[in-house]
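The structure appears below as structure tokens.
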Amino acid sequence: MVEKGNDHGNFLKGVLTGAILGALVGVLFAPKSGKELRAELKKKGGEAFEEAKEFYSDARGKAKAILEDAQHRAEELRKEANRQLTEARLRAKEILAGEEGGGTEASSSKENES
């Protein structure tokens, strides 16, 4: 599962890198003066940086929500496992107490449950 998340991260890094390089190549091959080119590069660089910051912020928020949900589910599972373990221990004690008392109580209570 970690690999899947890593694949998505690598894909998004590739898309972002491709977009930046594509914009840079497009600007470099455009017929503009040096001053215009530098201004355009600065503008495009700022836009790319802002997009990267927004993407990072969104990804961080989604990751935090997923982590909180996973922690909540894990806590619920832990509580349910503890509850079932407690029930199993009580049943085992009842069965053992029934066997010590002659064994008939455990079998009769088992028949009553069915």
**OP:** Output the residues belonging to segment 40-54 that are exposed (fewer than 13 other Cβ atoms within 10 Å of the Cβ) and not charged (D, E, K, R).
**Re:** Gly46, Phe49
Original post:
Are any of the residues in segment 55-63 at pLDDT 85 or above, of a type in the set (Asp, Glu) and part of a helix (DSSP H, G or I)?
Top reply: yes
**OP:** Go through (1) in contact (Cβ under 8 Å) with a residue 24 or more places away in the chain; (2) of a type outside the set (Asp, Glu); (3) more than 22 Å from Gly9 (Cα to Cα) and name the single condition Ala23 misses.
**Re:** (3)
Original post:
Pairs, please: C-beta under 7 Å, at least 6 apart or cross-chain, first residue surrounded by 10 or more Cβ atoms within 10 Å (Cβ to Cβ) and in segment 63-77, second hydrophobic (A, V, I, L, M, F, W, C) and assigned to a helix (DSSP H, G or I)?
Top reply: none
**OP:** Search segment 81-114 for residues being surrounded by 10 or more Cβ atoms within 10 Å (Cβ to Cβ) and outside any helix (DSSP H, G or I), and hand back the single one that is modelled with the highest pLDDT.
**Re:** Gly101
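The values are calculated or read from the model by the stated rules, or taken from the named source; none is laboratory data. The model shown is predicted, which means the values in this text are computed figures rather than measured ones. Note that we place each Cβ from the backbone using ideal geometry, even for glycine, and neighbour counts take in every protein chain shown.
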